[in-house]
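Below is one structure, written out as structure tokens, with a few remarks after it.
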Amino acid sequence: MTTTTKGTAKVTLPTDTQILITREFAAPARLVWRAYTTPELIKRWWAGERGTVTSAEVDLRVGGTWRYVMTANGGFEVAFHGEYREIQEHAKLVSTEAFEGVPDPDGTAALVTVTFTETDGRTRMEMLAEHHSREIRDMVIDSGMEGGMQEGMDALEQIAVSLA
């Protein structure tokens with residue numbers, strides 16, 4: 001039986017403009033990667049317990065785009081999109097991340113670097129979001145993102161483990 005790591009994502013603020021999320025998954029990197037990048041699987045984890053993902057579009061290539069849309073439990077729609085800048089299969093993914101609920105989503109988009117490091121069949125994921133300013137970073141932190149992110153990461157792990 002695989003021991004999962006529910007609720008263990010750690011959020012730190014390395015600089016005035018960065019958010020770093022670290023978490024270990026009880027699954028190999030190739031399965032965490034698959035769950036993280038496959039549209040049908042993204043729909044199962046990305047909203048956590050906060051709603052239902054209605055669309056997950058992924059064009060996984062440098063210059064390709066992604067877009068996720070969810071209907072939140074309160075009945076409103078939440079959408080994010082971005083462009084892939086660097087892809088190292090099973091190891092690293094760099095993309096922009098724009099929240100469509102602000103006036104200039106692409107102008108305020110974060111640059112997000114996700115690394116997947118496997119040791120003994122477990123994967124450490126580090127997600128570094130680099131924002132344009134401290135104000136934008138703090139707005140993201142104050143949005144309640146951590147609770148939803150914890151739920152989403154827990155679901156991501158369950159899916160990755162189930163793929164074995």
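Out of segment 7-21, which residues are surrounded by 14 or more Cβ atoms within 10 Å (Cβ to Cβ) and either farther than 24 Å from residue 69 by Cα or over 11 Å from the mean Cα position of the chain (by Cα) (or both)? Residues satisfying the conditions are 8, 9, 11, 17, 18, 19, 20.
Between 83, 89, the distinction of being touching a strand residue (DSSP E or B) at 6+ places or on another chain (Cβ under 6 Å) and over 23 Å from residue 147 (Cα atoms) belongs to 83 only. Looking at segment 119-164, which of its residues are out of contact with any Asp or Glu (no Cβ under 6 Å at 6 or more places or on another chain), part of a helix (DSSP H, G or I), of a type in the set (D, E, K, R) and surrounded by fewer than 18 Cβ atoms within 10 Å (Cβ to Cβ)? Those that are out of contact with any Asp or Glu (no Cβ under 6 Å at 6 or more places or on another chain), part of a helix (DSSP H, G or I), of a type in the set (D, E, K, R) and surrounded by fewer than 18 Cβ atoms within 10 Å (Cβ to Cβ): 135, 138, 142, 146. The strands (runs of 3 or more DSSP E) falling completely within segment 4-106 that include 2 or more residues that are within 24 Å of residue 163 (Cα to Cα) map to 18-25, 51-58, 65-72, 77-88, 92-99. One residue is enough: does segment 133-140 have a residue meeting the conditions within 25 Å of residue 86 (Cβ to Cβ), modelled with pLDDT of 95 or more and touching a helix residue (DSSP H, G or I) at 6+ places or on another chain (Cβ under 6 Å)? No: zero hits. Taken as a whole, the condition of being of a type outside the set (Phe, Trp, Tyr) and outside any loop (DSSP other than H, G, I, E, B) applies to residue 115.
The values are calculated or read from the model by the stated rules, or taken from the named source; none is laboratory data. Only a predicted model underlies this, so the values are computations on that prediction, with no experimental measurement involved. FYI the Cβ positions are ideal-geometry reconstructions off the backbone, even for glycines, and counts take in every protein chain you see.
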